[in-house]
Every structure is written in structure tokens, then in C-alpha cells.
Amino acid sequence: MGGIVLENVCKSFGEVSIIKDINLEIQDGEFVVFVGPSGCGKSTLLRMITGLEEVSSGRVFIKGQDMTDEKPSSRSLAMVFQSYALFPHISVRDNISFGLRISKAPKELIEEKVSYAAKTLGLEKLLDRKPRELSGGQQQRVAIGRAIVRDPTAFMFDEPLSNLDAALRVQMRVELIRLHDSLKTTMVYVTHDQVEAMTMANRIVVLQAGRIEQFDTPVELYDRPVNKFVAGFIGSPKMNFVSAQPAADNQIRLVDGTLISVPGIAHEDMTSNMTVGIRPEHLEYSHEQGDWCGTIVVEEQLGSDAFLIVEIPGVGSVTVRAVGERNYHGGETIYLTLPRHRCHVFDNHDNRISPNLSTQCTGTVTALHSA
Amino acid sequence: MTKSNNRLAVIAALFITLIFTAPIIWMVLAAFKNISDIYAIPPVWIPDFSYLDNFVLLLSENWQYLLNSVIVTLGATAVCMAFALPAAFGLVNYRFKGRNFLADWILSTRMMPPIAAAVPLFMVFNTAGMLDTIGSLIIVYAGFNLPFAIWVSMSFFRNIPKEIIEAARIEGCTWGQTFRTVALPLAKSGIATVSTFVFIFAWNELLLALFLTSREAKTFPVVISSFSTVTKTYWELISAATIIQILPPIIFTLLMQKHIVSGLTMGAVKN
């Protein structure tokens, strides 16, 4: 099996602790994305799997074997770098076949694999060119080609699409998903782009300050973020947060005094200084009535969506995502309603206390509990 | 700039060039003159360029010393590069305790003028029975150039993106293979630059050669210096020898020029 297991892995540079006691089990054939803000340690963690970065403590298992002290060359991994890291002095063909030539593979096998990779990635006509004669997208394909010819145990991607323009990034994203579907090899992918993470991953590792905040499927992360950090990190525009306090009859009093009752939350679950989160796309809006009344301060019209930044007295600034909306403009009054079953509630330690709700949920308490 | 100003600038430039090149021009002309023509008044401005007696006499008596120079220079350059390149690559890419100290320490040996080591070197080679041998000169020239060669090579290896080295290692290369297949080809201009400097140093070195050689391993600069004696200076032989002496560095530099230029301007602008 090509799975990867990290056991109590730590990394520090001198006094500074970068990775803090991480335990992670990546299944064979899984596409796992490491995502998190800059400096959260996602690239370091990937490099620790490859062996390019030594672990300070803990063990790294690849395919069931303890590889903690093995050299990168012995780990049978392939890596695609953000900067492509092609060898500029040799042709595309030689770049792709580099690893095979180093391992002294038979010539016929090298030719066969190179032509397969070139065909898969549309590089057939570029094989005799030097990397500098290629566009960014083509260079990235060569880097992927160099990785796939070696039949590695797992692929490591370190922000491979960051240097590409937006259109090419989308195209390459699709190509990578297809590649994973056809190769069925374990892939570990680092990105700070949550769209990449959500669209490509089987499971996502959300990291913050060297710790795993949550390791789950994209939908789980979106529907049931375990804490306020994950809730705020996943989703764009980010989730709106409003301070709240417990109130009588299992109700929650929002900072402006609005009372809401979130299905599935009992009074004993509540703490003082809670936070209620609601995603911009889940807020209901109208011209006539709602929980909150506010003024649209900014209208960001994207055509497909309108992002309305609404200033609500006593609450502050709230973002609303209005799909295809054309009738709300800056300066106008708007009424917002919080669908109770869409609310996420976090305790005074920012951990989730609201029940597990799915996006398909109809919102009834009974339905939730039975689910 | 106006046309007349332009012309003035050209004339000034030519005049300044003439001042600097006059000794070389005189020397080139003198190499094709016999001794009486060199001292003739009025001067013989243009000599007979088919007169090659000076060269024939010089080479017939000293060809083995010229050969010594070639062997010592090529040997010292090769030995110096053979040690400097792996050392520089290691200092740039390996992480180990005391790495920076080691790099600084290597450079510190450069702070001593070579002549300060002449007497100790004489004693060492004398004891080892290596005085007046080509091997001793190769060791000394390679050794004195090693700090410089390591430091300059380090800057070229540092210029190779870290990811390229890492990619090679992930692709299955050992450190040795990474060095040979990736780092060396990418540091080509650096190798050309460093080896040119080492070559020129070794080819032109006189002081240590005077100290450490007497007959067998004498190099060509020592031969040239011997033409100026207390009683007489053999201008015609000095001139001919100097032409031979300056030719190899010029040829070597021209061959390496393309790489040296890109090497010396490396990192001047962001890619």
C-alpha cells in the first residue's frame, strides 16, 4: 500500500517550533491537500515526508516502512515544485527521463515511459526543446511528466500552480484531477488556495501554526468545521462571526440583542462569550423584513454573484453572497435573516458546539438528530 | 554629443590607449629586432617581422621551462578546481555545524600574502625532498588559489535554485550525482571564471617559483627574469619571451570570455 503515516512528527529550527506533534494517516491512493495560512508549516510538513527536511522527532512511514532516516532518493517519491525546478541545461526529453536514467533503467523502458508521459501531458512536440523555450504551463507539465514516469509510491506537490495565470491554473487543476483518477497513486498537495483544496482533495488537512486543526473531506470541512479557525478559513468570502451569549429557553442572544434558537443545541452545551457563524451564502436577504436591518455599504458585483457588505447597527459589518442578484445596491437598506439550521456556534474556546448539520438539512431538530 | 566633441573624445581615447599600450607595442617591435636595432638612433620603427632569431634562440635553450610552465599551470588549475568545486558545493548545500565558520576560516587563509609562506614552504619541501619539482609548484599554486576558488564557486553554486538540487535528490541522485549531473553543468560560467583566474595566477607567478625552483622545475617567468642581470639586460630575449608569456592568458581568456562575462555579472539583475 502507498499510504503515508506520520507519527508524533515535530520540527523545530533552533528554538522555533514549526511542526508540533502531528499525527496523520494518508490512505493509499488518496488525494490529500495541506492547506493553511502562510507560515503554518504546510510546506515544511510536505518536505518532511520527502526527506528534504529532517524531522526533529517522530516517525515517517511510507508504504508501511519506517522512512524517517532515509535519504530523499530512497523514498520513491516524486515531487513537483512551485518553481517547476526543471533542469535548465537539458532537453524536455532528458528532464522527463532524468530519474529513470539515474536509476539506470533500460533504454527501451525509458523511451516507452517518456513517450507515454509526453502523450498524456501533450508534450510530444516539445521533447527536444530546452525548458526555457516553454511557457509556464508547459514547464509545469514537464515537471509533472518527470514525476509520473518513475511510478513513485506517492506524488508530492508543493504549490505547483501558484506561478500560473488564473485560466491556466483552472486547466491544470482539472488535468491533475484526471491524472489522479487515472494513476490512482497517493498525492499530497500543498496550497494556500482553498479553491484548489476544495476541488481536488479527497481529504483536506487544515493547518495552523504547525498543528492540524481538522483533517476531513472538503464537504465536512465546509459543513462541520471543528472550530472557528477552520470555519473562517474554508469558504470564500469567509464566514461572518457574531458574538453571542446564552439566553433562556435554549436560545442564544446575539450581540445586538437578537434572540435565535439553533436546532440541536441545549443550554448545557452553551458557554458565555460564544460566537455564532453564518456563511455569506446562507444569509437570507429581503427588502421588507428579517432579523437584522442594515445598510449596504459596498456592492461587489461579479455577475454570477453579488457580494454585499452590509453594516448592521450593533453587529458590525456582515458579508452577504447573493447569487445572480442585481436588485441591491450600495446605500440601500437591506433586511437579513439567519437561517437557524445554517448557523455554526462556537464556545468561548472557539470550538464547535453546534450539532452536525449538512447543507441538505431541512433544519428541523428531529431530522438533525436522526441524521 | 556634437560631431566635433565626438571626434575629440576619440582622439583623447586613442592617446590614452597609446600611453598604456606603448610598452607592449615597444616590446612586440623589439622582439623582431636584433640588439643593435633596439638601441639604434634614429630608432628602427618598423622591424623586419620575418626576423625570428630571438624566438629561435629563446626556445631552443628554454623550451623545457616553457613546458614546465604549461604543466604547472594546467596542473595547478586542475588540482585547484578538483578540490574547490566539491568543497564549494558542499559548503553551500550540506547543513552541518560550523559550516559558516569553516567557510570564513578558508577565506582567512587568503589574508596572508603568499610570500609570507615562502620560507616555511621552502623548509617543508626541502625536508620532503620536493624542492625544485613540478609537483611542489602545483601544490603551492593550487593551495594558494583554493580559498579564492572555493569562495567564488560558492557564489555560483548558491545561484542555482535550491529546488533544482532538491529535485535531483528526489529523482534519486546521490550527492555525488547531483554535483556531477546538475550542479556542475549549471555552474559552468562560474567554473570558467574561477579557472581563468587560477590559470592566470599560476601562469604569471614568479616569486614563489624563484624560491622553490632552481633548475629542473624552473618556470618561464623565472627564465624571463633571468635575462635581466647585474651586468646586462637582454632586451631582445625579454621581449620575445614576454610575447610568449602573454599569449596563453589572452587565448584562454578569449576562449572563456563568454562564460566569464555572464559569470561576473551574475546576480546583477533579478531574473
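On a full-extension model of 0.36 nm per residue, what is the gain between A:Glu15 and A:Ser236, subtracting their alpha-carbon distance, rounded to one decimal in nm?
Using 0.36 nm per residue and subtracting the Cα-Cα distance, I get 76.0 nm.
For the protein assembly as shown, what percent of Cα pairs sit more than 43 Å apart? Here the tail beyond 43 Å accounts for 50 percent of pairs. What FRET efficiency do you get for A:Gln27 and A:Val195 if R0 is 22 Å and r is their Cβ-Cβ distance, rounded to the nearest 0.05? Working from the Cβ atoms, E equals 0.40.
In segment B:102-156, one over the average inverse separation of all distinct C-alpha pairs is 12.3 Å, which is the Kirkwood hydrodynamic radius.
Taking the Cα atoms of segment B:181-268, the ratio Rg/Rh between the radius of gyration and the Kirkwood radius comes to 1.14.
Here B:Lys232 is the anchor, and the aspartates and glutamates within straight C-alpha reach of less than 17 Å, apart from those fewer than 8 places off in the same chain, are B:Asp37. The Cα atoms of segment A:238-370 cover 42, 31, 26 Å along the three principal axes, with the biggest extent listed first. In sequence order, segment A:190-203 has phi-based couplings of 9, 7, 9, 8, 5, 5, 4, 4, 5, 7, 9, 7, 6, 9 Hz under the Karplus curve 6.51 cos²θ - 1.76 cosθ + 1.60, θ = phi - 60°, and Gly or Pro positions carry x. In segment A:53-133 the Cα-Cα distances spread across 10 Å bins starting at 0 as 15, 38, 29, 16, 2 percent of all pairs.
Segment A:4-223 has equivalent-ellipsoid semi-axes of 29, 20, 16 Å, by the square roots of 5 times the alpha carbon gyration tensor eigenvalues, sorted largest first.
Which angle from 0 to 90°, rounded to the nearest 10, does the C-alpha axis of helix A:136-148 make with the longest principal axis of chain A? The two axes meet at around 70 degrees. Rolled with a 1.4 Å probe across the full set of protein chains, the surface gives A:Phe155 an accessible area near 10 Å².
Tilt of helix B:53-93 relative to the longest C-alpha principal axis of chain B, in degrees (0 to 90, nearest 10)? The angle comes out at about 20 degrees.
Shown here is the pair-distance distribution of chain A: with all Cα-Cα distances grouped in 10 Å bins from zero up to the longest one, the shares run 5, 21, 25, 22, 16, 9, 3, 0 percent.
Taking every DSSP beta bridge that has both ends in segment A:4-223, the antiparallel portion is near 50%. Under the criterion of Cα pairs below 8 Å and six or more residues apart, the relative contact order for chain A equals 15 percent.
In this label model, A:Ser57 and A:Tyr116 are separated by 4.4 nm, measuring between points 7 Å along each Cα→Cβ vector.
Straight-line cross-link partners of A:Lys228 among the lysines, defined as a Cα under 16 Å from its Cα and at least 8 positions apart when in the same chain: A:Lys238.
Per residue, the convex hull spanned by the Cα atoms of chain B measures out at 205 cubic angstrom. Other residues with beta-carbon under 12 Å from the beta-carbon of A:Val35 carry, at +1 per Lys or Arg and -1 per Asp or Glu, a net charge of -3.
If we count every other residue with Cβ under 10 angstrom of A:Ser103's Cβ, Lys/Arg +1 and Asp/Glu -1, where does the sum land?
+2
Can you return the aspartates and glutamates within cross-link range of A:Lys130? Criterion is Cα-Cα under 14 Å, with same-chain partners fewer than 8 residues away left out. In chain and number order, the partners are A:Asp94. Along chain B, the exposed loop sites are trypsin sites (Lys or Arg not before Pro) outside DSSP states H, G, I, E and B with at most 15 other Cβ atoms within 10 Å, and the longest stretch free of them is B:98-214. Anything over 24 Å Cα to Cα? Flag those among A:Lys63/A:Lys107; A:Lys20/A:Lys184; A:Lys42/A:Lys71; A:Lys63/B:Lys162; A:Lys42/B:Lys162; A:Lys42/A:Lys119, in the order listed. Checking Cα-Cα distances, A:Lys63/A:Lys107; A:Lys20/A:Lys184; A:Lys63/B:Lys162; A:Lys42/A:Lys119 exceed 24 Å.
The values are calculated or read from the model by the stated rules, or taken from the named source; none is laboratory data. Only a predicted model underlies this, so the values are computations on that prediction, with no experimental measurement involved. Note: ideal-geometry Cβ built from the backbone for every residue, glycine included; neighbour counts use all protein chains shown. Calculation scope for accessible area: heavy atoms of the full protein, side chains included, ligands and nucleic acids excluded. Shrake-Rupley method; radii C 1.70, N 1.55, O 1.52, S 1.80 Å.
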